[in-house]
Amino acid sequence: MKDTPRRPDEPDAPTFSSPPCYAASFPGHFGETFEGPAPETIERLNALLEAERAGARVLAVLRDGLDSRSAARAVLDRLQKDEGANAVVLYKTIQRLGGVASHDTGAFVQKTLAIDGLAARLRFLNKGQAWVVRKIEEVLPRLADEVARAMLDEMRRSHLDNIAACEALLADGLPA
């Protein structure tokens, strides 16, 4: 070894003659794995993110088609804000976990808007909400990060509440 200055972060470490000799100081250089979710988990979180964006857009369209004084509009407005907030939290969580968050929106928007009638669209919306619940339940066991798990569990509960809210609207007899 050459007599070179020691790195300031390791005063007692041996000195090395070339940068490759420092390789062992950098995690991952020799192929060891990092803590964090698998790429498949990030893909699943991104699928949820895209679904939340789509849900927020669908709910905005449905809400905006109703009279501003209607009780149904107030419910859809609350659900739309919930979907939008979920998208933001998912985006930030994916980034915090070291993943790259998607900027796409799921195809759910076009599929829902191709259906005629508010009641039929709300039934389809509930199928989408139930899909999100199932996908959250699939990803939860794969995720070690407690903050992300708590966020997803809360999102799952909010989707169950939103399904119930849409069912209540449907029970009130919305137009087909």
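How much length would be gained if the chain were fully extended between Arg149 and Gln95, taking 0.36 nm per residue of separation minus their Cα-Cα distance, in nm to one decimal? Don't skip to the end; give the middle numbers.
Working: separation 54, 0.36 × 54 = 19.44 nm, distance 1.48 nm.
Gain on stretching Arg149 to Gln95: 18.0 nm.
For the stretch 58-106 and the stretch 140-158, compute the distance between their C-alpha centroids and round to whole Å.
Computed from Cα coordinates, the inter-centre distance equals 18 Å.
Give me Rg over Rh for the stretch 39-171, both radii from the alpha carbons and Rh done the Kirkwood way, two decimal places. Don't jump to the answer; show the numbers that get you there.
Values: Rg = 14.7 Å, Rh = 15.0 Å.
Across the stretch 39-171, the Cα-based Rg/Rh ratio is 0.98.
With no solvent and one equal point scatterer per Cα, compute the Debye intensity ratio I(q)/I(0) for the stretch 39-90 at 0.14, 0.16, 0.31 Å⁻¹ and report its log10, rounded to two decimals.
The computed values of log10 I(q)/I(0) come out as -0.39, -0.48, -1.06.
Once you list every other residue whose beta carbon is under 13 Å from the beta carbon of Ala56, what net charge do they have if Lys and Arg are +1 and Asp and Glu are -1? Working shown, then result.
On the way: positive: Arg53, Arg57, Arg63, Arg78, Lys81; negative: Glu50, Glu52, Asp64, Asp77, Asp82, Glu83.
Within the 13 Å Cβ shell, the charges total -1.
Would you please put 83-96, 132-145, 60-73 in order of how densely packed they are, using the mean number of other Cβ atoms within 10 angstrom per residue and starting with the highest?
On the way: 83-96: 18.3, 132-145: 15.5, 60-73: 14.0.
Going by the mean number of other Cβ atoms within 10 Å, highest first, we get 83-96, 132-145, 60-73.
From a point 7 Å beyond the Cα of Glu40 in the direction of its Cβ, which residues of the stretch 124-140 have a backbone N at a distance under 15 Å?
In the stretch 124-140, the label zone of Glu40 (backbone N under 15 Å from the point 7 Å along Cα→Cβ) covers 138-140.
Where a number appears in this text, it was derived from the coordinates with a stated rule and is not lab data. Quick caveat: nothing in here was measured; it's all calculated off a predicted structure. FYI the Cβ positions are ideal-geometry reconstructions off the backbone, even for glycines, and counts take in every protein chain you see.
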